[in-house]
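The block underneath contains the structure these notes are about, expressed in structure tokens.
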Amino acid sequence: MAGSGTQEEPQNTSDERNKRRKRNDDETNDKPDLTDEEESDADEGLSFEEKVARRKKKEALRKKQKAKRVQTAMVSNLAAGSTIPSAATSLSRALHEWIRFMMGIVRKSKSIKDSDLPPSPSNEERKQWMDRKEEREATITKAINRALRRYNAKQLKKNPDFKANPTQLLTVEKDAAAEEMLSNPMKAVKFTSTLSFVSRVKYTHLWGKKCEGALALAGFPRCTFDWEAGYDTPWNSTMSSILIQQWMKCYKGNGVRGFGISASDNTPENQDEVVRRWFLNQRGNYREQLRVQELLQTPAGELQVQTNKADAKIKASKKRAHSKIHAARLAFVEEVFDSKSPEAEIISYIEVHSEDEVKDNGTRERTRKPWRSAQLDAFIEMIDKCMDKIEVIPKKIKAAKHTVDRGAYSPNVDTDSRPPKGFQRSLVSPTWLNEANRLTVSRLELCTTDKCRMERTLQQMMRMMQSVAESSSAAGPSGTAAS
């Protein structure tokens, strides 16, 4: 028996040692990442290959842990929250316009000095609002305590052994609070109106005045959010609640008919979430607004603001023109070929279309994309030439001509442009491929299969152009055949 016990002892000791080692490994994994100095000390005595393998293993572990945290947060948010209507829904648009209407926010203004968002409440305004609320609560509490003392004294006079039950006390408290509110009603504070008088607003000023009255009774001196605070703070939560309540009165009074709101979307939860999201989105705009207002204090800053606004306007104009030419060319190709044709797939990439460059005199020039092959350039040029030829309505003919009238190519080249990922390789310029970085070309994953036979496509476009030219020459000035 003794010999048997002696043989089992090393095995138990080995098991315990393995358990301790596993526990120590688990504890090590829970520790925070090592610093560079600690990493260097830990790598001492290892070969270069072992160091690289160790660091790769730790990096893979970090990525796995980060992905797990992101997934957990996403699942938690999806499980806890409800689906918020998108900003394009009728409910969102109606509530957004209601808040802008009440706060006097003008979305578009030519003056750089016009602030989009009303200022946050000052410390004095915030203090007066909180003090008013606290004073009102203290007054009601005093009235309740006074009523309870009178009630107890009266009942004890009738019956010295009287003991009030909680239901009786609650009734006395409610009656006392209601009596105090009726005898000393809340008085509206002096309110500064900021209603928007823009003609395109869909709300009548009658509803706006009623909402301002409710805000004044609640002690607010004006309609604004505390942009630098959270949404659930006392000021912001009360402000949003009153805005939503008054909007619902407008909705029930048929004052929101111009938006076509779905009854299934118009729930209290959706209303609050729409206002919450709008508030959170505007906080960043308010910080930018404060920065601009600070710049406007000096002549140099005002000049910088004007320059930034002009640059933003040009950028937005270029983006609209880029989207417009892309949509027009794609519609033409889908009509001539097919919406599922290889030609339509090529033109569907917005990166294929060159952007405009606005000169100082206001004229436009096209910025050449150096990666486009000669065949692709020829195809796009033919599309622009034929776009107005297939139209029959004068208004659409004029619009098509205006869309493609973008001037000549600028001497400046868009060197930062790249082909879309997975684009057909034969439609990329060989010169650009030879000069481009190998890693860049590899990451583009260009397709070597010629889905679009550009030679055949160009021949088809040439035949169509010849047919259009013959039809135009055969027609008289009035559109009839010439004799």
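The values are calculated or read from the model by the stated rules, or taken from the named source; none is laboratory data. Computed from a predicted model, the values in this text were never measured in an experiment. Reconstructed Cβ throughout: ideal geometry from the backbone, glycine too, with neighbour counts over all protein chains shown.
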### Task
Filter the strands (runs of 3 or more DSSP E) completely within segment 307-415 down to those with at least 1 residues that are polar (S, T, N, Q), touching a residue at least 12 places away in the same chain (Cβ under 8 Å) and under 26 Å from M462 (Cα atoms).
364-368
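Tally up the residues in segment 291-305 that are exposed (fewer than 13 other Cβ atoms within 10 Å of the Cβ), part of a helix (DSSP H, G or I) and not small (G, A, S), please.
Quick first cut of segment 291-305, residues exposed (fewer than 13 other Cβ atoms within 10 Å of the Cβ) only: 291, 294, 297-300, 303.
Adding the requirement that they be part of a helix (DSSP H, G or I) leaves 291, 294, 299-300, 303.
Applying the additional criterion that residues be not small (G, A, S) yields 291, 294, 299, 303.
Result for segment 291-305: 4.
Answer yes or no as to whether S237 is small (G, A, S) and within 26 Å of the chain's Cα centre (by Cα).
Details: small (G, A, S): yes; within 26 Å of the chain's Cα centre (by Cα): yes.
In short, yes.
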### Message
Criterion first (modelled with pLDDT of 90 or more, in the same structural domain as K340 (by TED's automatic domain parsing), assigned to a helix (DSSP H, G or I) and in contact with a helix residue (DSSP H, G or I) (Cβ under 9 Å, 6 or more places away or on another chain)) does S426 satisfy it?
### Response
yes
### Message
Criterion first (crowded, with 17+ Cβ neighbours inside 10 Å, of a type in the set (D, E) and farther than 14 Å from A94 by Cβ) does D232 satisfy it?
### Response
no
### Query
Could we say that A408 is surrounded by fewer than 17 Cβ atoms within 10 Å (Cβ to Cβ) and closer than 23 Å to M454 by Cα here?
no
### Task
Tally the residues that are of a type in the set (F, W, Y) and either in contact with a Phe, Trp or Tyr (Cβ under 8 Å, 6 or more places away or on another chain) or free of Cβ contacts under 8 Å to residues at least 12 places away in the same chain (or both), restricting the search to segment 129-184.
2
### Message
If I filter segment 366-380 for residues that are at pLDDT 85 or above, surrounded by 13 or more Cβ atoms within 10 Å (Cβ to Cβ) and farther than 30 Å from D450 by Cβ, do I get at least one hit?
### Response
no
### Message
I'd like the full set of residues that are free of Cβ contacts under 8 Å to residues at least 12 places away in the same chain and either surrounded by 11 or more Cβ atoms within 10 Å (Cβ to Cβ) or over 31 Å from the mean Cα position of the chain (by Cα) (or both), limited to segment 188-205.
### Response
H205
### Message
Filter segment 440-458 down to the residues that are outside any helix (DSSP H, G or I) and hydrophobic (A, V, I, L, M, F, W, C) and list them by number.
### Response
L446, C447, C452
### Message
Regarding segment 331-344, can at least one residue be identified that is within 25 Å of E391 (Cα to Cα), within 27 Å of the chain's Cα centre (by Cα) and either modelled with pLDDT of 90 or more or surrounded by 14 or more Cβ atoms within 10 Å (Cβ to Cβ) (or both)?
### Response
no
### Task
May I ask you to list the residues in segment 77-129 that are modelled with pLDDT under 75 and not in a loop (DSSP other than H, G, I, E, B)?
N77, L78, A79, A80
### Task
Please go through segment 245-281 and pick out each residue that is without any contact (Cβ under 8 Å) to a residue 60 or more places away in the chain, under 22 Å from the mean Cα position of the chain (by Cα) and crowded, with 16+ Cβ neighbours inside 10 Å.
D272, R276, F279
#### Entry: Filter result for K421 (in contact with an Asp or Glu (Cβ under 7 Å, 6 or more places away or on another chain), exposed (fewer than 15 other Cβ atoms within 10 Å of the Cβ) and not in a helix (DSSP H, G or I))
yes
### Query
Quick check: anything in segment 394-401 at pLDDT 90 or above and within 35 Å of the chain's Cα centre (by Cα)?
no
#### Entry: Some residue of segment 444-466 being more than 26 Å from P342 (Cα to Cα), touching a residue at least 12 places away in the same chain (Cβ under 8 Å) and crowded, with 16+ Cβ neighbours inside 10 Å
no
